[in-house]
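Engineer: Below you'll find the structure I mean.
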Amino acid sequence: MLLLPKTQHEEKRILELGGHVGFDSLPDQLVSKSVARGFCFNILCVGETGIGKSTLMNTLFNTTFENEEASHYQSEVQLRPQTYDLQESNVNLKLTIVHTVGFGDQINKGESHKPILEYIDAQFESYLEEELRIKRSLFNCHDTRIHICLYFIAPTGHSLKSLDLVTMKKLDSKVNIIPVIAKADTVSKSELDKLKIKIMSELVSNGVQIYQFPTEDEAVAEINTSMNTHLPFAVVGSLDEVKVGNKMVKARLYPWGSVQVENESHCDFVKLREMLLRVNMEDLREQTHARHYELYRRCKLEEMGFKDTDPDSQSFSLQDTYEAKRKEFLVDLQHKEEEMRQMFVSKVKETEAELKEKEKELHERFEQLKRMHQEEKKNLEEKRRELEEEMNAFNRRRVAAETLMGQALQGCSQTPFKKDKDKKN
C-alpha cells in the first residue's frame, strides 16, 4: 500500500471523544515535573561602579547576596558571575547574577562592551556544545545563558551617555534589555518624567531594541501594555526598615523624610519586580532560547557548513555535509601548510643571507683589525729600536763620564804627596 505524504494545506479532522480519556492532565504533569526539576534564571547587571546594582539585587530578592565591593581603578571590564540556590514555597530557583566590574571606569571606554559580548557568546557556545554532544543531558546541565540584562542608567544629566547607547546597541541582538534609572530619589518627579521621555526617544532614534513585555497573552496583555509605557523604570533599592505610621517598610531615610521602596508613587521598584519576576520571567527565558540563542546557533551552524533544505532542493544529509566540510578543511589545511612551508623556506633564505652578510662584515672587520695590529706591532718595534739606541748612547756617555771622573780623582790624590815631599827637603 502506497502512503501519500500529507500536504501543508490538508485540512485537519477534528473528532469528538465519547468520554474522558485523561490527556487533559498534561498541564498538571508538566507543572509537577518542572517544579521537581527546578528553574534557573540568569541576570546580567550592566552599569557604572557604585550606581547601586548590588543593592537593587538584594532588594529584588529580599536577601543579602555576597558581593565583593569593587573599586574605580580597574584596568578593564571584568564579569563576575555568582550563583545562588533560592527557594520560595516549594519552588527551587538557581539564580545567577553577573556583575560587570569596572564598567565605565576606564579613560578609553570604546572597548567596554567587548568583554560583555564575549561572555554572552561564551554561554551560548557552551550550551551549543552540550546540544551537539552524542551523549547530552540538556535537562541536567546548568544553563548559564543570560535571560535578562538590567542596564543601569545614571540619573545625572539630561540624556543617555554615548557609552550607554553604544553598549545597548551592541547587546540588543544578544540579550533581552530592560533599562532602569538607578538612584531615582536623587532627581525630582518632573525631571524624572522628562528624563524618561528623553531616554526612550534616544533609544528609538538610535535603533536600540529593548525588551517589550508581551501582549499576545490575554491574561497579561493589559498589565504588560500599561507597563511598556513606564519604561525605563526609575528604581530605588534598600533593605533598611523604616517605621512609617504603624508599620515597618523598606525605605531610604533622609533628613527631610523617607523614600519608600515599595511605594509606587515614590519609585517604580514594584513595577520592575512584578514584570521581571512575577509576570514575565518565563517569557524572558523563552525569548532567550527562541530568539537570541537561535540566532547565534543559526549563524554558528552556517559557519560550520550546515544549512536548511528548500522544498525544491535535495534532501539534507548530515554525513555529506560533514564529508564536504572535512574535505574543505583538509584542503584549507594543505594550503596553510604550503604557505607555512614557503614562509619557512623564505625565512631560512633570508636568515642565511643575513648570516652571510654578517660573516662578510666580520671577516672584513677581522682583516682590518689584523692590519691595525701589524701596523701597531711595526710601530712598537721601531720605538723599541730607538729606545735601545738611546740606551746604548747613554751607556757610552756614562762610561766616558766615569772614566773622566776617575782620572780627575787620581790626579787630585797625587798632588798633596808631592807638596809634603818638597817641605821635607
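The values are calculated or read from the model by the stated rules, or taken from the named source; none is laboratory data. Quick caveat: nothing in here was measured; it's all calculated off a predicted structure. In this analysis, Cβ positions are derived from the backbone assuming ideal geometry, glycine residues included, and neighbour counts consider all displayed protein chains. Quick note on the areas: whole protein, heavy atoms, side chains included, nothing else; ligands and nucleic acids left out. Shrake-Rupley method; radii C 1.70, N 1.55, O 1.52, S 1.80 Å.
Engineer: Which pairs do you get when a residue that is basic (K, R), found in the stretch 110-125, comes within reach of a residue that is open to solvent by 40 Å² or more (accessible area, probe 1.4 Å), reach meaning Cβ atoms under 7 angstrom, with the pair 6+ apart or on two chains?
Structural biologist: The qualifying pairs do not exist here.
Engineer: Given the residues Q123, Q106, which is the only one that is within 30 Å of A36 (Cα to Cα) and within 16 Å of the chain's Cα centre (by Cα)?
Structural biologist: On inspection, the qualifying residue turns out to be Q123.
Condition check ((1) surrounded by 11 or more Cβ atoms within 10 Å (Cβ to Cβ); (2) modelled with pLDDT of 90 or more; (3) not aliphatic (A, V, I, L, M)) across all residues:
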residue: G18; (1), (2), (3): no, no, yes
residue: L44; (1), (2), (3): yes, yes, no
residue: T55; (1), (2), (3): yes, no, yes
residue: N67; (1), (2), (3): yes, no, yes
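Engineer: Among the residues of the stretch 20-42 satisfying the criterion of being β-branched (V, I, T) and surrounded by 10 or more Cβ atoms within 10 Å (Cβ to Cβ), which is farthest from the chain's Cα centre (by Cα)?
Structural biologist: Only one residue fits best here, namely V31.
Engineer: Just need a number here: residues in the stretch 222-249 that are open to solvent by less than 30 Å² (accessible area, probe 1.4 Å), of a type in the set (G, A, S) and more than 38 Å from the chain's Cα centre (by Cα).
Structural biologist: Looking only at that region, the number is 0.
Engineer: Let me ask you something else. Filter the stretch 84-142 down to residues that are modelled with pLDDT under 85 and of a type in the set (D, E) and give me whichever is most open to solvent (accessible area, probe 1.4 Å).
Structural biologist: Applying the filter and picking the extreme gives E111.
Engineer: Okay, moving on. Only one residue in R297, R252, R278 is over 21 Å from L150 (Cα atoms), open to solvent by 70 Å² or more (accessible area, probe 1.4 Å), assigned to a helix (DSSP H, G or I) and not hydroxyl-bearing (S, T, Y), so which one is that?
Structural biologist: Details: R252 fails: assigned to a helix (DSSP H, G or I); R278 fails: over 21 Å from L150 (Cα atoms).
Only one candidate qualifies: R297.
Engineer: Here are some residues: Q74, Q78. Which one is among the polar types (S, T, N, Q), out of contact with any Pro (no Cβ under 6 Å at 6 or more places or on another chain) and open to solvent by less than 60 Å² (accessible area, probe 1.4 Å)?
Structural biologist: Unique residue meeting the criteria: Q74.
Engineer: Name the residue that is nearest to N92 (Cα to Cα), counting only residues in the stretch 253-301 that are of a type in the set (V, I, T) and touching a residue at least 60 places away in the same chain (Cβ under 8 Å). Even if it seems obvious, please write down each step before you answer.
Structural biologist: If we filter the stretch 253-301 for residues that are of a type in the set (V, I, T), which is where we start, we get 259, 261, 270, 279, 288.
Checking the rest, the ones that are also touching a residue at least 60 places away in the same chain (Cβ under 8 Å) come to 259, 261, 279, 288.
Numbers: V259: 32, V261: 26, V279: 17, T288: 20 Å.
Once the filter is applied, the top-ranked residue is V279.
Engineer: Right, something else. Filter the stretch 144-178 down to the residues that are within 22 Å of R285 (Cβ to Cβ), open to solvent by 20 Å² or more (accessible area, probe 1.4 Å) and in contact with a strand residue (DSSP E or B) (Cβ under 9 Å, 6 or more places away or on another chain) and list them by number.
Structural biologist: If the condition is that a residue be within 22 Å of R285 (Cβ to Cβ), open to solvent by 20 Å² or more (accessible area, probe 1.4 Å) and in contact with a strand residue (DSSP E or B) (Cβ under 9 Å, 6 or more places away or on another chain), then T144, K174 are the ones that fit.
Engineer: Scanning for something more than 23 Å from M281 (Cβ to Cβ), open to solvent by less than 40 Å² (accessible area, probe 1.4 Å), part of a helix (DSSP H, G or I) and β-branched (V, I, T), does the stretch 179-187 turn up at least one residue?
Structural biologist: Looking through the stretch 179-187, none of the residues is more than 23 Å from M281 (Cβ to Cβ), open to solvent by less than 40 Å² (accessible area, probe 1.4 Å), part of a helix (DSSP H, G or I) and β-branched (V, I, T).
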